[in-house]
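Remarks on the structure that follows.
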Amino acid sequence: MQVIKTVREMQSTSKALRDKGCKIAFVPTMGYLHAGHLSLIDKAKAHGDVVVVSIFVNPTQFGPSEDLEKYPRDMEKDLKACEVEGVDIVFAPPVEEMYPQGYSTYVNEESLGAPLCGKSRPAFFRGVCTVVTKLFNIVHPHVAVFGQKDAQQAAVVKHMVQDLNFEIEILIGATVREADGLAMSSRNSYLKPFQRQDAVRIYQALRKGAAIYEMGIDSTDRILAEITHHISEVRRLRVIYVQAVDMETMKPLRYVEKGRTLIATAVWCDEIRLIDNIIL
Ligand code: PAF
């Protein structure tokens with residue numbers, strides 16, 4: 001496995017691979033890899049000849065009061081996990097390589113990124129679109145894999161790829177869950193055991209919403225009220241949003257449209273922000 005730290009070397013390596021006819025499959029990450037990331041890597045392997053994983057904690061997608069400094073990092077463990085998983089190249093640039101002194105260009109998707117997480121994290125999607133654009137221009141992949149757990153991010157990136165005419169196929173990997181249902185996330189490492197116990201209620205509440213729908217109720221107001229109620233019963237949890245939107249456009253839906261209704265939530269578990277979603 002090759003570890004590349006500079007933009008120039010990554011670009012020339014990708015160019016050489018493309019010239020040889022290799023199909024490059026890319027998984028962008030912020031590291032602290034868990035089974036969810038590994039499943040995205042497996043998907044990339046199935047869709048490309050060479051798998052590139054980036055590990056970069058992107059400062060531009062964190063707000064001033066967010067967890068950039070304390071975001072979990074373990075490069076040594078991540079590199080081992082990538083090696084075991086059969087990754088070909090890890091691109092792990094230092095911050096100055098991605099954002100050198102004087103950096104001043106940003107990419108902003110202005111519609112799909114506005115609701116949900118865009119409301120409570122105003123800088124987030126601008127930072128994501130900027131870094132993903134840069135990574136696409138550096139890694140130059142044929143295919144890139146994103147996780148369904150970050151459903152709005154996946155929709156924003158897909159839309160950006162279309163708007164900006166990137167010749168990259170975007171694939172979405174299913175959310176991987178712990179045995180009790182909690183969606184895997186690097187931020188779960190912040191949870192103390194008692195918080196971890198309460199956090200499981202988020203997915204349970206989403207399942208309660210799904211159960212109501214399966215009983216024949218398709219009013220999203222009713223479904224969302226049920227979910228909110230179940231989350232709010234736990235003292236430690238505070239709902240930031242629970243919404244029902246079209247999974248591609250992120251526009252609110254009053255009634256479930258089967259197969260394309262994203263029920264997405266963000267929740268504070270004490271000071272830890274967790275997100276999850278299901279599709280009805
Ligand atoms: O989902 C993530 O880990 C990040 O938002 C991404 C896509 C790697 C961009 O920094």
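Assorted remarks:
Yes or no, residue by residue, for (1) within 15 Å of the ligand (Cβ to nearest atom); (2) more than 16 Å from the chain's Cα centre (by Cα):
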{"position": "Cys82", "(1), (2)": "yes, yes"}
{"position": "Asp88", "(1), (2)": "no, yes"}
{"position": "Pro93", "(1), (2)": "yes, yes"}
{"position": "Met98", "(1), (2)": "yes, yes"}
{"position": "Thr105", "(1), (2)": "no, yes"}
{"position": "Ser111", "(1), (2)": "no, yes"}
{"position": "Arg121", "(1), (2)": "yes, no"}
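- Single unsatisfied condition, Ile170 versus (1) closer than 24 Å to Arg126 by Cβ; (2) among the aliphatic types (A, V, I, L, M); (3) without any contact (Cβ under 8 Å) to a residue 24 or more places away in the chain: (3)
- Single match in Ser54, Ser65 (criterion: outside any helix (DSSP H, G or I) and surrounded by 13 or more Cβ atoms within 10 Å (Cβ to Cβ)): Ser54
- Out of Ala155, Ala151, Ala183, sole residue that is in contact with a Lys or Arg (Cβ under 8 Å, 6 or more places away or on another chain), hydrophobic (A, V, I, L, M, F, W, C) and crowded, with 18+ Cβ neighbours inside 10 Å: Ala183
- Within region 5-23, the set of residues being exposed (fewer than 11 other Cβ atoms within 10 Å of the Cβ) and either within 24 Å of Met75 (Cβ to Cβ) or of a type in the set (Gly, Ala, Ser) (or both) comprises Arg8, Ala16, Gly21.
- Beta carbons closer than 8 Å, at least 6 apart along the sequence or on distinct chains, pair a first residue in region 97-108 that is touching a residue at least 24 places away in the same chain (Cβ under 8 Å) with a second that is assigned to a loop (DSSP other than H, G, I, E, B) and surrounded by 10 or more Cβ atoms within 10 Å (Cβ to Cβ) for Glu97/Lys5; Glu97/Thr6; Met98/Phe56; Met98/Asn58; Val107/Leu164.
- Which listed residue is of a type in the set (Gly, Ala, Ser) and within 16 Å of the ligand (Cβ to nearest atom), from Ser232, Ser189, Ser219: Ser189
- All of Leu253, Leu262, Leu224, Leu206 fail the test of being closer than 29 Å to Lys70 by Cβ, out of contact with any His (no Cβ under 6 Å at 6 or more places or on another chain) and touching a residue at least 12 places away in the same chain (Cβ under 8 Å), apart from Leu206.
- In region 41-62, the residue that is farthest from the ligand (Cβ to nearest atom) out of those that are in contact with a Leu (Cβ under 7 Å, 6 or more places away or on another chain) and over 14 Å from Val128 (Cα atoms) is Val50.
- The set of residues in region 131-152 being within 9 Å of the ligand (Cβ to nearest atom) and not small (Gly, Ala, Ser) consists of Val131, Val132, Leu135, Phe146, Lys149, Asp150.
Each reported figure results from applying straightforward, stated rules to the coordinates on display, with no laboratory input. Quick caveat, the model's predicted, so the values are computed rather than measured. In this analysis, Cβ positions are derived from the backbone assuming ideal geometry, glycine residues included, and neighbour counts consider all displayed protein chains.
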